[in-house]
Amino acid sequence: MVQLTMAKALNEGLRAAMERDPKVILMGEDIGKLGGVFRVTDGLQKDFGEDRVFDTPLAESGIVGTAIGLAMRGYRPVCEIQFDGFVFPAYDQIVSQLAKMHARSRGRVKMPIVIRIPFGGGIGAVEHHSESPEAYFAHTAGLKVMACSNPIDAHFMIQQAIASNDPVIFLEPKRRYWEKADVDPTAMPDPLEQARVVRSGTDVTLIAYGPMVKTCLDAAAAAEEDGRSLEVVDLRSLSPLDFQTVFESVRRTRRAVVVHEASSFVGLGAEISARLSEELYYEMEAPVLRVTGYDAPYPPSRVEEEFLPDLDRVLHIVDKSLEY
Amino acid sequence: MTVAQPAADPHLIQLLTPEGERLHHPDYDVDLTDEEYRSLYRDLVLVRRIDVEATALQRQGELGIWAALLGQEAAQVGSGRALRPQDFAFPTYREHGVAWCRDVDPLKLLGLFRGATNGDWDPEETRFALYTIVIGSQTLHATGYAMGVTKDGAVGSGDVLKDEAVIAYFGDGASSQGDVNEAFVWASVYNAPIVFFCQNNQWGISTPAATQSRIPLYKRAEGFGFPGVRVDGNDVLATYAVTRQALDSARTGQGPTLIEAFTYRMGAHTTSDDPTRYRLSSELEAWKLKDPLERMKAFLFKQQVADASFIEAVEGEADALASRIRKGCLEMPDPSPMVMFDQVYEEMTPLLRTQAEEFATYHAGFAQGGAH
């Protein structure tokens, strides 16, 4: 058991994956000597060499496009996109090529590629450094989309994503990079595509992923003092989405609130709400409610705390759910 | 052999004039056997015949669309035959001639344009990637693949029969795409064993090459740090010689080359296009005089490498091939709708499994004449 930040837990996960399989290579901007702007790849070039951990030209489409070719050659590239807002130059390669290659080739061409993206806000950054692009990717057939919320999951999920033969968009909540937890590298992880009830409760289910899991856990702790019992589900995998775990929880609590930093309109919350209404129409006591970023561009950082869901906004909507 | 008039463009590498005269070039040459010369001609004829038959099948409603290669046979056969067996090619959607050289059954190409498949050949087995429809995307895939070749140590051993190289096809229109320019940067800085083969057929649908570039395309390579050459794309011998040399340069570890094959799209962009709206018939007439098949035939006759009976035999073979692909196209079954759900992922996700089951039940209801 060792105490690690999420950044270090990812680093250790990458190291373990590279030790396990010589075809795993890391590529991205400033990931070599610098170790990445968040230091997630710190020391890996030194230990594994420039052939397996290499800095790329500053061109995101190039990163993903060449990763596709490397995968066709038998490699398992792990691409780092420096910030969420910089993934869009690679959007065409991800959506039109990476996602479709397996189906296009009738399964002959595997795309074991992981695209790591630090995502979400809360770090006082300038424009394009606080985006939550998950819905774009979850909407695209052929991609898998993962979001870790804590160091333990980060450590194992990155290894599982690398072992997957499907392309994975791997979202890392950047404001949680420095949170710590005790990680046991020998532990047996949950299946990658399984959601997890991270706090049990009876009154309302909070459904979250990535950075908002901690916010929801904090909200649940605060609610307990007011005599309210909130259950928290960490989705972990956004596509495919483990609806069974969500349904089982909401079947018990009969109320659901989805929480994410991304805007509400056509977001993950909308999908989860639709599925819950199809599955549990007669069992729910309240409509599925959402706590999300507003449907506006991410604001300048001096006001980002007002844009992002926080403990108070979550509890405010929980109250609303309980009023039905 | 005679030393004929130099080509009008002194930078255009040509080994065969439109009249079928052999030229010599200080840097590029071919010395093929009579059988190999005849074989190149046969390729040109068969590839054109596939193309003509496919166009006809589209006109008769059997294909949704067809992207004709008419006029570009020499560029494709010359470069395709320059590939060594271990090389890997990344095509656009018009490389029917290269597909032929990689032993991809023409019916697989027709299946794509009929809408029965997305290609369905085995890229690994044929060493020919699936057609890429988005313009320029495949140049990055090719570059990445070539980087992998280097990582595998499959370059620079000195054994041209073993060392590998990669070729990326694209056109004059694609030269404006960011992906193509990124591919140039990456191939250059990683010294990747790749040949960028640009068929400048003068037109991107209705947009002339002049709208894509103010300088000849082959000159762009210099700015990226690797050599660029312009070859007569209607000259199968020159295209073969230039591509073979560029591939061998790449496989020996000398990095990328850009080849601009100067050619002409004799037909429409696709069967949905109408070129009479944007280009002059006089231009087409001028290019007809540079036809890649006619000049090779003239060469064969002049060299007494072939006679009328050989030409006749090739025509007979082309007729049989056309007949086979026509029959195969007409008999091609539509895929089961259930293939929609297959192979989206390595294992079907619960969501897809549910949808596939619901669809199967719904679909079966029609077969049973059930009410909907």
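Quick look at the values:
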quantity: Subset of region A:1-45 that is of a type in the set (K, R) and away from every other protein chain (no Cβ under 14 Å) - its residue that is farthest from the chain's Cα centre (by Cα); calculated: A:K33
quantity: Test for A:I207: is it more than 14 Å from chain B (Cβ to nearest Cβ) and in contact with a strand residue (DSSP E or B) (Cβ under 6 Å, 6 or more places away or on another chain); calculated: yes
quantity: Yes/no for B:G136 being touching a residue at least 40 places away in the same chain (Cβ under 8 Å), assigned by TED's automatic domain parsing to the domain that holds B:H269, touching a helix residue (DSSP H, G or I) at 6+ places or on another chain (Cβ under 6 Å) and surrounded by fewer than 24 Cβ atoms within 10 Å (Cβ to Cβ); calculated: no
quantity: Set A:E323, A:E305, A:E271, A:E285: member being within 24 Å of A:H139 (Cα to Cα) and of a type in the set (D, E); calculated: A:E271
quantity: Residue list for region B:27-83, filter: small (G, A, S) and either in a loop (DSSP other than H, G, I, E, B) or modelled with pLDDT under 95 (or both); calculated: B:G61, B:G64, B:A67, B:A68, B:G71
quantity: Residue satisfying all of: in region A:71-104; over 30 Å from B:L109 (Cβ atoms) and of a type in the set (F, W, Y); nearest to the other protein chains (Cβ to nearest Cβ) among these; calculated: A:F88
quantity: Selected residue [at positive phi, modelled with pLDDT of 95 or more, more than 14 Å from chain A (Cβ to nearest Cβ) and in contact with an Asp or Glu (Cβ under 7 Å, 6 or more places away or on another chain)] from B:G156, B:G97; calculated: B:G156
quantity: Matching residues in region A:203-243 - criterion: being among the polar types (S, T, N, Q) and in contact with a helix residue (DSSP H, G or I) (Cβ under 8 Å, 6 or more places away or on another chain); calculated: A:T205, A:T215, A:S229, A:S239
quantity: Elements of type helices (runs of 4 or more DSSP H) in region B:263-372, at least 2 residues being in contact with a strand residue (DSSP E or B) (Cβ under 9 Å, 6 or more places away or on another chain); calculated: B:292-302
quantity: Test: B:G97 is in contact (Cβ under 8 Å) with a residue 60 or more places away in the chain and under 17 Å from the mean Cα position of the chain (by Cα); calculated: no
quantity: Criterion: within 12 Å of chain A (Cβ to nearest Cβ) and part of a loop (DSSP other than H, G, I, E, B) - qualifying residue of B:A192, B:A187; calculated: B:A192
quantity: Hits in region A:36-50 - residues which are free of Cβ contacts under 8 Å to residues at least 24 places away in the same chain and part of a loop (DSSP other than H, G, I, E, B); calculated: A:G49, A:E50
quantity: Candidates A:S130, A:S164, filtered to the one that is closer than 22 Å to A:T245 by Cβ, among the polar types (S, T, N, Q) and outside the structural domain of A:V246 (by TED's automatic domain parsing); calculated: A:S164
quantity: Failed criterion for B:W121 (all others in (1) on the phi > 0 side of the Ramachandran plot; (2) within 14 Å of chain A (Cβ to nearest Cβ); (3) in contact with a helix residue (DSSP H, G or I) (Cβ under 9 Å, 6 or more places away or on another chain) hold); calculated: (1)
quantity: Extreme residue, surrounded by the fewest Cβ atoms within 10 Å (Cβ to Cβ), among residues of region A:184-204 that are touching a residue at least 60 places away in the same chain (Cβ under 8 Å) and of a type in the set (D, E, K, R); calculated: A:D184
quantity: Total residues in region B:330-350, condition away from chain A (no Cβ under 14 Å) and surrounded by 15 or more Cβ atoms within 10 Å (Cβ to Cβ); calculated: 1
quantity: Some residue of region A:46-53 being within 14 Å of chain B (Cβ to nearest Cβ) and of a type in the set (A, V, I, L, M, F, W, C); calculated: yes
quantity: Subset of region B:136-145 [closer than 18 Å to B:A246 by Cα and more than 7 Å from chain A (Cβ to nearest Cβ)]; calculated: B:T139
quantity: Output for region B:351-372, where each listed residue is under 26 Å from A:A274 (Cβ atoms) and either more than 13 Å from every other protein chain (Cβ to nearest Cβ) or surrounded by 14 or more Cβ atoms within 10 Å (Cβ to Cβ) (or both); calculated: B:L351, B:L352, B:Q355, B:A356, B:E357, B:F359, B:A360, B:T361, B:Y362, B:H363, B:G365, B:H372
quantity: Residue check, A:G85 part of a loop (DSSP other than H, G, I, E, B) and not assigned by TED's automatic domain parsing to the domain that holds A:E306; calculated: no
quantity: Residue match in region A:254-264 (condition: in contact with a strand residue (DSSP E or B) (Cβ under 7 Å, 6 or more places away or on another chain), among the small types (G, A, S) and crowded, with 22+ Cβ neighbours inside 10 Å); calculated: yes
quantity: Condition check for B:K219: more than 14 Å from chain A (Cβ to nearest Cβ) and part of a loop (DSSP other than H, G, I, E, B); calculated: no
quantity: Pair list, Cβ under 7 Å, 6 or more apart: region B:166-181 residue more than 20 Å from B:A75 (Cα to Cα) and within 13 Å of chain A (Cβ to nearest Cβ), other residue crowded, with 24+ Cβ neighbours inside 10 Å and of a type in the set (A, V, I, L, M, F, W, C); calculated: B:D179/B:L140
quantity: Qualifying residue in region A:65-73 (condition: assigned to a helix (DSSP H, G or I), touching a helix residue (DSSP H, G or I) at 6+ places or on another chain (Cβ under 8 Å) and among the polar types (S, T, N, Q)); calculated: yes
quantity: Test: residue in region B:272-281 that is farther than 26 Å from B:G144 by Cα and β-branched (V, I, T); calculated: yes
quantity: From A:V213, A:V258, A:V266, A:V198, residue being within 29 Å of A:G124 (Cβ to Cβ) and part of a helix (DSSP H, G or I); calculated: A:V213
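Table: residues versus (1) touching a residue at least 40 places away in the same chain (Cβ under 8 Å); (2) of a type outside the set (S, T, Y); (3) closer than 27 Å to A:P240 by Cα.
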| residue | (1), (2), (3) |
| --- | --- |
| A:L276 | no, yes, yes |
| A:R290 | no, yes, yes |
| A:P300 | yes, yes, no |
| A:L311 | yes, yes, no |
| A:V318 | yes, yes, yes |
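The values are calculated or read from the model by the stated rules, or taken from the named source; none is laboratory data. Just so it is clear, the model here is predicted, and its values are computed rather than measured. Here the Cβ is made from the backbone with ideal geometry for all residues, glycine too, and neighbour counts use every protein chain on show.
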